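The structure appears right after this line, and notes come after that.
Any read-out appearing in this document is the output of simple, stated calculations on the displayed coordinates, not a laboratory observation. The model shown is predicted, which means the values in this text are computed figures rather than measured ones. Every residue, glycine as well, gets a Cβ built from its backbone with ideal geometry; the counts of neighbours run over all protein chains shown.
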């Protein structure tokens, strides 16, 4: 006789951090790569918030410790490649998505995953910054709402979401309508990249121009990338050892000759940095270490959207209410909370929760939970 055994409810930590993803059949290197990239992004934005807060305090005559220069140098090292990583990674999987769905469906999914949360969260952030006024590092006014539609670079971290959507949509239109070969896509991407500085006044345009080449590169290398020989090469520990000094030297050059997106040397430095992070992610997959980075990487989008809110709140509590101004304490605490709280917020309040509308305009139906069966021996007379 078969009887249904009571389902075991996952513990709080498992549910809050969605730890079940560690047991699912996923490409671990993808989550490692996203995890590395989003931690670097959070580091940058938390540091910028602290720097602005310190500058404001010093301007008002307060005696607070300055932020050490080497923390800013670390930020500059990471600057060149952390965002191109996301575009290359998105490009790697775009043809697979197009093979399963129509062009309209793919663009529709990207709209729901990228543009919809962009409009929701950028409106919330600008509104909070206007309402809170002097308690934030931003001097916002009603005019800032107009930047949502043409210049998201003025609105802190949110530029990435429309940039990735626009890059994806335009690339797919070119790919499906014109059907250019890979070299032509790269040539187009290079032309857009070098022309992008001319459009910086309208970042809704300049951003997709700047990152088109990275997206095209990701799509173009897909077939080669997933070959067993390529995967073995990227997982080889000697390859990581070989790329490390090259990465170090390019970053030393970058610190000595600060360059900008739209220039050839910046492009080369960014590509070397991206390759280095790919190799590092594959090695971490082989070693199966720092698995929390996989959890962080899986939630990278939700961290990206909400972490500035959390960082500002934590910094406000520490400085205004607890009188803590040590930049290292502010930085470490800000990074940890800006990663942990968005993950918990998403899993407990958004996924099948009351705040689902913050990331999707359609509420997903809860997936039916499988009921484990237990075999009970039949009773004997």
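If the chain between residue 236 and residue 190 were fully stretched, how many nm would it gain, using 0.36 nm times the residue separation less the Cα-Cα distance?
The residue 236-residue 190 span can extend by a further 13.5 nm.
Translational diffusion coefficient of the stretch 120-164 at 25 °C, 0.890 mPa s, Stokes-Einstein with Kirkwood Rh over Cα pairs, in µm²/s as a whole number.
Here the translational diffusion coefficient equals 230 µm²/s.
D for the stretch 83-226, whole µm²/s, Stokes-Einstein with Kirkwood Rh over alpha-carbon pairs at 37 °C and 0.692 mPa s: what number?
Translational D for this selection: 204 µm²/s.
Based on DSSP H runs of at least 4 residues, each adding -39500 (n - 2.57), what is the mean residue ellipticity at 222 nm of the chain after dividing by all its residues, to the nearest 500 deg cm²/dmol?
Mean residue ellipticity, 222 nm, calculated: -21000 deg cm²/dmol.
Post the alpha-carbon centroid distance, the stretch 29-46 to the stretch 110-180, in whole angstrom.
Between the Cα centre of the stretch 29-46 and that of the stretch 110-180, the gap is 20 Å.
Cut-off 20 Å, label point 7 angstrom out along Cα-to-Cβ of residue 24: give me the residues of the stretch 287-304 whose amide nitrogen falls inside.
288-304
Starting from the Cα-Cα distance between residue 72 and residue 58, subtract it from 0.36 nm times their residue separation and give me the gain in nm to one decimal.
My answer for the length gained is 3.2 nm.
Could the peptides 225-238, 79-92 be put in order, highest first, of the mean number of other beta-carbon atoms found within 10 Å of their residues?
My ranking of the peptides, most packed first, is 79-92, 225-238.
Choose one answer from 242, 37, 195: the residue with the largest mean-square fluctuation in a GNM of the chain with alpha-carbon springs under 10 Å.
Answer for the Gaussian network model of the chain: 242.
Which order do the peptides 203-213, 171-181 take when ranked by the mean count of other beta-carbon atoms within 10 Å per residue, highest first?
Top to bottom by mean Cβ count within 10 Å: 203-213, 171-181.
What residues of the stretch 148-166 lie in the reach of a label at residue 97, counting those whose backbone N is under 16 Å from a point 7 Å from the Cα along Cα→Cβ?
Correct set: 160-166.
Applying 1/(1 + (r/R0)^6) with R0 = 22 Å to the Cβ-Cβ distance of residue 111 and residue 145, what FRET efficiency is obtained, to the nearest 0.05?
0.60
Taking the structure as given and computing percent of Cα pairs over 26 Å apart, which label from (1) 58; (2) 49; (3) 54 fits?
(1)
Just from the alpha-carbon atoms, what are the Rg and Dmax of the stretch 22-86 in angstroms?
When restricted to the Cα atoms of the stretch 22-86, Rg and Dmax are 16.4, 56 Å.
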